1. Report, in whole Å, the centroid distance computed from the Cα atoms of the range 273-332 and the range 28-67.
2. Can you give the accessible area of HIS158 in Å² (nearest 10), computed on protein heavy atoms with a 1.4 Å probe?
3. I want to verify the translational diffusion coefficient of the range 270-356 in µm²/s; compute it with Stokes-Einstein, Rh as the Kirkwood radius over Cα pairs, at 10 °C and 1.306 mPa s.
4. I'd like to check one number: the per residue accessible area of the range 301-443, probe 1.4 Å, reported in Å² as a whole number.
5. When the Kirkwood hydrodynamic radius is evaluated over all pairs of different C-alpha atoms of the range 227-383, what value in angstrom, to one decimal, is obtained?
6. Quote the Stokes-Einstein diffusion coefficient, in whole µm² s⁻¹, for the range 14-56, based on the Kirkwood radius over alpha carbon pairs, a temperature of 37 °C and a viscosity of 0.692 mPa s.
7. Determine the distance separating the Cα centre of the range 130-171 from the Cα centre of the range 374-421; give it in Å without decimals.
8. List the residues, sorted by chain then number, that are 5 or more residues from THR83 or on another chain and whose placed amide H is less than 5 Å from its amide H.
Amino acid sequence: MQREIIKDLIKWKDKPGRKPLLLTGVRQCGKTYIVEKFGKEYFKNYAYINFESSKKFSAIFDYDFDVNRIIFELEVVLKTKITTGETLLFFDEIQECPKAITSLKYFCENMRELHLICAGSLLGVAVKKEKNSFPVGKVNRLQLFPMSFKEFVIASEHENLIKVFENWPANREIPELYSVPLKKLLKEYYVVGGMPEAVKTWIETHDIDEVEEVQKEILRDYADDFSKHAPIAEIPKIRWIWDSVPVQLTKENNKFVFSHVKEGKRSSELENALQWLIDAGLIYSVCRVENPELPLSSFADKTYFKVYMADIGLLRTKSKISASTIFEETDLYERYKGAFAENYVLNELKMLEKEPYFWRSGNSAEVDFIFENEIENETHIIPVEVKSADNTQAKSFRQFCKRYASKVGFKLSQKNIAQNACEETTVVSLPLYLAWNIAQYLR
């Protein structure tokens, strides 16, 4: 399946002064697949080491950090030649060998010409745990997310529907020729999500039961990770928070409230467990900014936030929402529709390498997401309003644009594409199925 990150891997391969690459991403989002594909297509030789499935490799790193010795012994064990400029060396599940993580510093300093990629499902957790030995400044980083809607459409053999919108003008109405199939595909994406195995199963079978079996297995694997990798005292708290995410998303203002996780529990007792899930990449925290100034991170209220899941298909399965509820848009779906649309847009923004916050002023005015973006060599704050239906009336959005004079803003909904003005802001109204194309309209 086609993944956009291949372009970034090629850039890294050809980059002068390249460092070992750390590829992060939630478990089963396709890291091993994409690195293997990259290695076999762009290198003469590909050498693979999995520290989780074979413990013998860890012994090679126990003695010292002489990278020439390490490479020699790896060649002996793998029975292959590791040649700089020709071989891609891949350390998979590197979190299982902390000394291999430390060795990245020495590969960077003494053998930078070697193409070395490292990946791991819980690297965020491992890095925090091994922070004293982590090679700060000695690695390049990339993050792989579950498949975006764009990648899902391409995998579904509708790449033509992506190509047609690469330069689509914001003032040209989208005909049903394109909108009808894309709306259908978006519903499928809400059901299936972007976990590669679930997508592959859907494309091959179009059997919801088989897709859900894959999704449930992934969720079980995540739960097993809690037991294997989290501090013992935090395990029950992690489970409580993990199970509360879908419920908290459907609340009126969907602010995350610790007391709703477990009766009688305070934030001080649960904060570490929440952070573990964030570090593991399973959930995202989006903080409130009441007075949006640059940089947004300096004005974020880290005590007031919303929590979203990394994959919308897993959110649906965890919420126990049937596929038919989404396909047929039954009355039950009304309760979840807004939350699903928000989670979907948040995921798409993350894949576009945006760091979203949300704006709330007082008890009434709110814009779903705001993020920083450079336009004409100047950094601007971009507001994004998300509507699950075709009602795009947004008083708070207009208020934000008027108060902060945003250069560009976006409204995402079920309505057709349009472009208009709100005070000094150019407002681009996009159908939800074009969220992946926000970058084009920012340009």
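1. 32 Å
2. 70 Å²
3. Working: Rh = 14.6 Å.
Translational diffusion coefficient: 109 µm²/s.
4. Numbers: 5960 Å² over 143 residues.
With the other protein chains kept in place, the range 301-443 gives 42 Å² per residue.
5. Details: mean 1/r = 0.0595 Å⁻¹.
Computed over Cα pairs of the range 227-383, the Kirkwood hydrodynamic radius comes out at 16.8 Å.
6. Values: Rh = 12.4 Å.
Answer, rounded: 264 µm²/s.
7. 23 Å
8. The answer is none.
The values are calculated or read from the model by the stated rules, or taken from the named source; none is laboratory data. Every value quoted in this text rests on a predicted model; they were computed, and no experiment measured them. Backbone-built Cβ (ideal geometry, glycine too); neighbour counts: all protein chains shown. Keep in mind that these areas ignore ligands, DNA and RNA; they rest on the heavy atoms of the full protein, side chains included. Shrake-Rupley method; radii C 1.70, N 1.55, O 1.52, S 1.80 Å.
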